[in-house]
Amino acid sequence: MQNCTTVAEAYPARKRTYVINGVRKTGWFASDFTMAELQSVVLTQAIWSRSPRFDGYPILSVPELPTILDVKQPSLWLNVQHDIFYKEHGLNMRNYILSIQKNVSVDYISSPELGFLQNISGRVHRKTKLVFRFLDKSLDNSIHQTYASLLSNLTFIKSIASGIMVPKSYIWPVTKDNYLQAPTSIVAKAHSAGLEIYASDFANDRIIPYNYSYDPLAEYLNFIGDGGFSVDGVLSEHPITASEAIGCFANLNSSKTDHGEPLIISHNGASGDYPDCTDLAYHSAINDGADVIDCPVQVTSDGTLMCMGSINLLDTTNVQRTTFNSRASVVSEIQATPGVFTFNLTWDDINSSIQPKISSPLSRYYMVRNPRYTNQGKFLKLYDFLAMGMDKDLSGVMIIIEVILSLEIHLF
């Protein structure tokens, strides 16, 4: 309970050590307390990226939960995580669930212990769906089989449960450097076996694969496509985002609602995915549906106009790692700190000796953008940018001139 409550502060002397699923764990456990004792304990998120303003809510019993909701018949999902552990301490989860279902309508019961689901199968209401939850590749101690072996025997699970819940990585595996691999066939196999399948581990503030550009909506939509690749539900710590993805964005194009015609303008191309103002960034922006692509115009020492997100090459290229770094100087009309500016170098200097660098404004928080493409892509002259705009189905192009000083000095 230390992971999600203030129990350690309320009862510092009640710390215990138990063996759970073969692993020794030390902390504060619900089985050691009565509900009366837990009235002095409140819930916390214990995730430091989230605001503590939402901590401090009381712990609720299952029968209390429906009473605080603003719906007449809430749909309840109970997850029984450690039936074996509770049995070892004289607590019977099966009897508890059977006793509360007289007063509480339970729609789903999930557990990573198939033996527990087998034990309550046929004893709960007919409308209650049993869902077997895969945790990882370890052992389900209730039936002494690994999750991997059970994954290959979905027909056996179907004889007990109506659905399965799997970590989202079971469906879309992820590489060690955090990119998506090809999807597995588990969704199709589950549906073929007559099982519903739910994906877990969704949260807006977790690090998700770079393919999604830090957009949790894009991640949800990847799990609810058409045909045989739609899960039947998702387990999310931010349900409002999942609701938006499933209820709105998944059907946006087929909806009869008038959504208007908002204009989508790129910022240095798709600079969240590729280095600013490179061919990769512009092509990605066009493919992603941008109506207008933008070019911040900079000028080189030989008068070539080019697209570059900053006049200071230190911001958007790897010039600091080249011999041109020695040309750093202070131009007070532009900035108070030294820089290597586009007008310090020729087009050939920039195009042949310097690589673009992807912008990662939150890198100090270890949030970097698309590291496989950190220095990929080609710089574009203004002429080539305009040619690209004319060749593509766009509403237009945007030319941005931010620093007039360099243009005045080097063009006239």
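The table below lists the values:
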item	result
Residues satisfying the stated conditions in region 174-197, i.e. under 16 Å from L150 (Cα atoms) and aromatic (F, W, Y)	none
One residue from D83, D70 being under 17 Å from E113 (Cβ atoms) and either open to solvent by 80 Å² or more (accessible area, probe 1.4 Å) or not β-branched (V, I, T) (or both)	D83
Candidate set from region 86-114 (those that are farther than 22 Å from I186 by Cα and touching a strand residue (DSSP E or B) at 6+ places or on another chain (Cβ under 8 Å)); member that is surrounded by the fewest Cβ atoms within 10 Å (Cβ to Cβ)	D107
Any helices (runs of 4 or more DSSP H) falling wholly within region 109-198 and containing at least 2 residues that are over 18 Å from D83 (Cβ atoms)	147-151, 154-158, 186-192
Per-region count, region 1-41, residues in contact with a strand residue (DSSP E or B) (Cβ under 6 Å, 6 or more places away or on another chain), surrounded by 13 or more Cβ atoms within 10 Å (Cβ to Cβ) and over 20 Å from V80 (Cβ atoms)	3
Number of the condition not met by Y366 [criteria: (1) on the phi < 0 side of the Ramachandran plot; (2) open to solvent by 40 Å² or more (accessible area, probe 1.4 Å); (3) modelled with pLDDT under 95]	(1)
Region 111-139 residues that are modelled with pLDDT under 90, paired with ones that are crowded, with 19+ Cβ neighbours inside 10 Å (beta carbon under 6 Å, 6 or more apart)	L135/P112; K137/Y147
Single residue of T322, T337 found to be without any contact (Cβ under 8 Å) to a residue 24 or more places away in the chain, out of contact with any strand residue (DSSP E or B) (no Cβ under 8 Å at 6 or more places or on another chain) and farther than 19 Å from G269 by Cβ	T337
Matching residues in region 174-230 - criterion: being of a type in the set (K, R) and surrounded by 15 or more Cβ atoms within 10 Å (Cβ to Cβ)	K189
Lone qualifier among T346, T317, T304 - being within 22 Å of D273 (Cβ to Cβ), at pLDDT 95 or above and among the hydroxyl-bearing types (S, T, Y)	T317
Condition check for S360: farther than 23 Å from K381 by Cα, in contact with a helix residue (DSSP H, G or I) (Cβ under 8 Å, 6 or more places away or on another chain), of a type outside the set (A, V, I, L, M) and open to solvent by less than 50 Å² (accessible area, probe 1.4 Å)	no
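The values are calculated or read from the model by the stated rules, or taken from the named source; none is laboratory data. Everything quoted here is computed from the prediction, not taken from an experiment. We place every Cβ from the backbone using ideal geometry, glycine too, and count neighbours over all the protein chains shown. Ligands, DNA and RNA are stripped out before the accessible areas are found, and what is left, the full protein with its side chains, is counted by its heavy atoms. Shrake-Rupley method; radii C 1.70, N 1.55, O 1.52, S 1.80 Å.
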